[in-house]
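A short worksheet on the structure shown next.
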Amino acid sequence: YTPEGGAISVKIVREGSNARITVHDTGCGIPPDLLSNIFEMFQQVDQTLDRAQGGLGIGLTLAKRLIEMHGGSIAAKSDGPGHGSEFTITLPVDTAAVTREAQRAPNAGSSPEVPRRRILVVDDLHESAQTLARMLRAIGQEVTTAHDGQAALTFVRDARPEVVFLDIAMPGMNGYEVARRIRANGEIEPPVLIALTGYGQDDDRRRAREAGFDFHLTKPTSMEQLTSLLSRASGPVVAAP
């Protein structure tokens, strides 16, 4: 979000046992009231963001999560709209310190509470599918994406994923129909089916159960929700490489 003619600078310095990385831009900046929660999921600077530029407001959340998994921290500062932004990342360069932090970090990587599984994410919106895939990979999962019902059915038949995140509101064959067809295929071990939808009313959950879904996940989701859901999902566990 830095306009043409702007500048982005990256600087790294050693400070004792840490590396400090500073990324500064001359872009749109961040309003003061958003600085305190800019790392929250789906947070965006709506006052200046042109949605045509893309983005779902998840990049900073993932960055924070990954940096903390490596024992580091990230902070943001800005003088406000039109004055650019600066992000400072601190990471330990002492490998022993990294190991200690990783052991303390909750749900770091593919922990015993979050077994590694083969997962299919199905969503006709490519960006949404890729966003969820990145979140799942960040907690150690093996993920493939598909973007329509027929592609999902073919992948389930041929590759036998253990978990399928299935968007409901897809054109053509919607998620309910895909789930029913997967359940009707007696030649495969049925995967755990998770309905992915923006609607979370009782009737929506009932329809998902009737179609054969095991879980119902209302958008937007979070790392914590995904971790909890996968720890409860039954089925074989993929051996970590």
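Yes/no matrix, rows are residues, columns are (1) surrounded by 20 or more Cβ atoms within 10 Å (Cβ to Cβ); (2) in contact with a helix residue (DSSP H, G or I) (Cβ under 6 Å, 6 or more places away or on another chain); (3) under 16 Å from ASP148 (Cα atoms):
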residue: VAL164; (1), (2), (3): yes, no, yes
residue: GLY175; (1), (2), (3): yes, no, yes
residue: ARG183; (1), (2), (3): no, no, no
residue: GLU187; (1), (2), (3): no, no, no
residue: LEU193; (1), (2), (3): yes, yes, yes
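The lone criterion from (1) more than 22 Å from the chain's Cα centre (by Cα); (2) touching a residue at least 40 places away in the same chain (Cβ under 8 Å) left unmet by MET173 is number (2). The number of residues in the range 66-80 that are over 13 Å from ASP25 (Cβ atoms) and either open to solvent by 30 Å² or more (accessible area, probe 1.4 Å) or touching a Phe, Trp or Tyr at 6+ places or on another chain (Cβ under 9 Å) (or both) comes to 7.
I'm told GLU189 meets every condition in (1) outside any loop (DSSP other than H, G, I, E, B); (2) modelled with pLDDT under 95 except one. Can you identify the failing condition by its number? That leaves (1) as the condition not met.
Among the residues of the range 128-158, write down those that are open to solvent by 30 Å² or more (accessible area, probe 1.4 Å), at pLDDT 95 or above and small (Gly, Ala, Ser). Selection gives ALA151 alone. For the range 100-124, a residue qualifies if it is modelled with pLDDT under 90 and either open to solvent by less than 60 Å² (accessible area, probe 1.4 Å) or in a loop (DSSP other than H, G, I, E, B) (or both), and the qualifying residues are ALA102, ALA105, PRO106, ASN107, ALA108, GLY109, SER110, SER111, PRO112, GLU113, VAL114, PRO115.
The values are calculated or read from the model by the stated rules, or taken from the named source; none is laboratory data. On a predicted model such as this, the values are computed, not experimentally measured, just so you know. With ideal geometry, Cβ positions are generated from the backbone for all residues, glycine too; neighbour counts draw on all protein chains shown. With ligands, DNA and RNA removed, areas are computed over all heavy atoms of the protein, side chains included. Shrake-Rupley method; radii C 1.70, N 1.55, O 1.52, S 1.80 Å.
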